[in-house]
Amino acid sequence: MELFHYAEKELLIARGVLSNSIARKAAYIPDPSSISYIKELNQRILDIVNDEKYAIRPVENSLY
């Protein structure tokens, strides 16, 4: 669960929601390969979020 929290906080930092991830002393410190993989996954998420073809657009309602 600690690794999940670490990954989520890193994504929030990457999105600009948090300025840092320090709320308390870490009970778990991820190994370098986990940190690298989390950065890669977060970058994939950011690429999709910023891709125009996945942009959220208003739905036109033709019933009214």
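Brief remarks on what is shown
- Scanning the range 1-18 for residues that are part of a loop (DSSP other than H, G, I, E, B) and of a type in the set (Gly, Ala, Ser) turns up just one, GLY16.
- Hey, SER21 assigned to a loop (DSSP other than H, G, I, E, B), surrounded by 10 or more Cβ atoms within 10 Å (Cβ to Cβ) and either among the small types (Gly, Ala, Ser) or modelled with pLDDT of 90 or more (or both) or not: yes
- Pairs with Cβ under 8 Å, 6+ apart, first in the range 1-30 and farther than 23 Å from ASN50 by Cα and among the hydrophobic types (A, V, I, L, M, F, W, C), second in a loop (DSSP other than H, G, I, E, B) and at pLDDT 85 or above: LEU3/PRO30
- When SER34 is tested against (1) among the polar types (S, T, N, Q); (2) exposed (fewer than 13 other Cβ atoms within 10 Å of the Cβ); (3) in a helix (DSSP H, G or I), just one condition goes unmet, and that condition is (2).
- So GLU60, is it among the acidic types (Asp, Glu) and part of a loop (DSSP other than H, G, I, E, B): yes
- Check on ILE48, modelled with pLDDT under 90, outside any loop (DSSP other than H, G, I, E, B) and under 19 Å from the mean Cα position of the chain (by Cα): yes
The values are calculated or read from the model by the stated rules, or taken from the named source; none is laboratory data. These numbers come from a predicted model, not from an experiment. Glycine also receives a Cβ, built like all others from the backbone with ideal geometry; neighbour counts cover every protein chain displayed.
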